[in-house]
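As structure tokens, the structure follows; a few thoughts come after it.
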Amino acid sequence: MEKKKMSLPTQIVIALIAGIILGLICYFAGLADFTASYLKPFGTIFVNLLKFLVVPVVLLSMIDGIISMGDMKKVGSVGWKTVAYFLVTTAIACIIGLVLANIFNGAGLFPVLQKAADAEWTGKTSQNFMDTLVAMFPSNMWSAFVNADMLQVIIISLLLGGGILAAGEKANVVKSFVSSAYAVIDKVMTFIISLSPIGVFAMMTWVVATQGPNILGSLALVLLCAYIGYIIHAVVVYSFSAKAFAGVSPLTFFKGAGPAMIFAFTSTSSAATLPVSKECADKLGAEEDISSFVLPLGATVNMDGTAIYQCVATIFLATCSGIHLTIGQMVIIVVTATLASIGTAGTPGAGMIMLAMVLTAMGIDVNMIMIIYGVDRLFDMGRTCLNVTGDISCSLCVTKWEGGKIQPKA
Ligand code: ASP
């Protein structure tokens, strides 16, 4: 008889629970040092592999995203309106995420972790905004890659992506090289992510053994913070824009978008939800040629849920690391998370890899990611649900802006 393989999310949940239980046992038995010496290294190997992915994934996925946005020239005003809607709502999402995370943080709900003896949780010495601005621009492409200087890698991706679009037909070879290299790194990413149960188990045991049971309450709080952000964004930004620009009432909007939202919540993939989103948008009254353009582009580059998650998680992990972020650094988080969400693929867990990029850009130790890695699926369900809701709302608004009529279908 053929044995059915356990799905990755199930493996991760089991690893998480096993890690928490063993961590609690080690905490109460005073074996925290043992976990630091013998379990944490396995988690570190996994995090190192994630770090290794960050530069190629960011570079290739951002260039790929820009190439896919390049088509907007062909579709003229629809393209620009769509991208404007995506960028404005994503920037608002980042601000909502940051404000909420700061409220939670200000209320003392995010913990400062006790530093384990071997921890290297040091933030970049806080530069002022102008210094950071200058440092974003690379003088040497390779040194940006070697040092994983993420702000510079983003600028390089924007320049190369823009160059490919400007070169038109002549860049066809580079275009197909990018998509083929991206397909390769995507496979490598899938392999590394398949190792995550080992990383989650090792790191969770170590975190709970060194920090005690309180850390579990903090995880529940950071999840709550992100979900409040998702809900505010859906209700205020999406249903408001659907009403104000397309004349669709909030109730009708959420009823119509419901099936796609539920599918996204369970599948955690905007790309896989695409056929359902298309049906929902068309039923709500979007014009078919507009939704055929907006939705696939949205499933690739419009990720407001991911942006909220990245902002909340960055503030949470900065606080855990004992790093106090200045207003200037928060502005950089908004810019980086907006770009990171554009670079995020519409597949399960992709936002987490991009979170590694935001953390690296902010000088926060990527190892900290393991604190929330085990519950990433729970974040991912909400953020994917929000991501597809934004695409549907956008297709309705653009239909109206293009002078079309919203004609709901039965
Ligand atoms: N799973 C998300 C999506 O498909 C991306 C992410 O991980 O943030 O939209």
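The values are calculated or read from the model by the stated rules, or taken from the named source; none is laboratory data. Worth saying up front: this structure is predicted, and the values here are computed from it rather than measured. Glycine gets a Cβ as well: all are built from the backbone with ideal geometry, and neighbour counts include every protein chain shown. Side chains are part of the model used for accessible areas, which takes the heavy atoms of the whole protein and leaves out ligands, DNA and RNA. Shrake-Rupley method; radii C 1.70, N 1.55, O 1.52, S 1.80 Å.
Charge tally for Thr10 (other residues, Cβ to Cβ under 13 Å; Lys, Arg +1; Asp, Glu -1): +3.
Most tightly packed first, judged by the mean number of other beta-carbon atoms within 10 Å of their residues, the peptides 307-318, 174-185, 246-257 read 307-318, 246-257, 174-185. Would you mind classifying the stretch 1-102 by shape? Square roots of the alpha carbon gyration tensor eigenvalues, ordered a ≥ b ≥ c; an a/c under 1.5 is rounded, otherwise it is prolate if a/b is larger than b/c and oblate if not. Prolate, because a/c is 1.5 or more and a/b exceeds b/c. A simple packing score, the average count of other Cβ atoms within 10 Å per residue, orders the peptides 290-302, 191-203 as 290-302, 191-203, with the highest score first. Charge tally for Gly247 (other residues, Cβ to Cβ under 14 Å; Lys, Arg +1; Asp, Glu -1): +3.
Its residue count N fixes a reference of 2.2 N^0.38 Å for the stretch 355-396, and the Cα radius of gyration divided by that reference is 1.54. Taking all protein chains as shown and a probe of 1.4 angstrom, Glu169 keeps an accessible surface of around 150 Å². All alpha carbon pair distances within the stretch 158-269 were sorted into 10 Å bins beginning at 0; the resulting P(r) in whole percents reads 10, 19, 20, 31, 17, 2. When a/c reaches 1.5 or more, the comparison of a/b and b/c decides; with that in mind, is the stretch 186-245 rounded, prolate or oblate per its Cα gyration tensor? Oblate, since a/c reaches 1.5 and b/c is not below a/b. For the stretch 133-164 versus the stretch 197-220, the spacing of their alpha-carbon centroids is 35 Å. The shape of the chain can be summarised by an equivalent ellipsoid whose semi-axes, obtained from the alpha carbon gyration tensor, come to 35, 25, 21 Å from longest to shortest. Among 155-162, 400-407, 90-97, sorting by the average number of other beta carbon atoms lying within 10 angstrom of each residue, highest first, gives 90-97, 155-162, 400-407. A DSSP coil position with no more than 10 other Cβ atoms inside 10 Å describes the following trypsin sites (Lys or Arg not before Pro) in the stretch 1-51: Lys3, Lys4, Lys5.
Give the carbon-plus-sulfur fraction of the accessible surface of the chain in %, rounded to a whole number; probe 1.4 Å, heavy atoms of protein chains only. All intermediate terms of the calculation are to be shown ahead of the outcome.
Details: 12440 of 17730 Å².
Percent of accessible area from carbon and sulfur atoms in the chain: 70.
For the chain, the solvent-accessible area of protein heavy atoms averages 43 Å² per residue (probe radius 1.4 Å; ligands and nucleic acids excluded). Extending 7 Å from the Cα toward the beta-carbon at both Glu169 and Ala107 defines two label points whose distance is 6.1 nm.
Among the helices of the chain, those built from whole DSSP H runs whose Cα atoms reach 27 Å or more along their own axis and whose mean Kyte-Doolittle hydropathy is at least 0.5 are 8-28, 40-70, 77-106, 172-194, 214-232.
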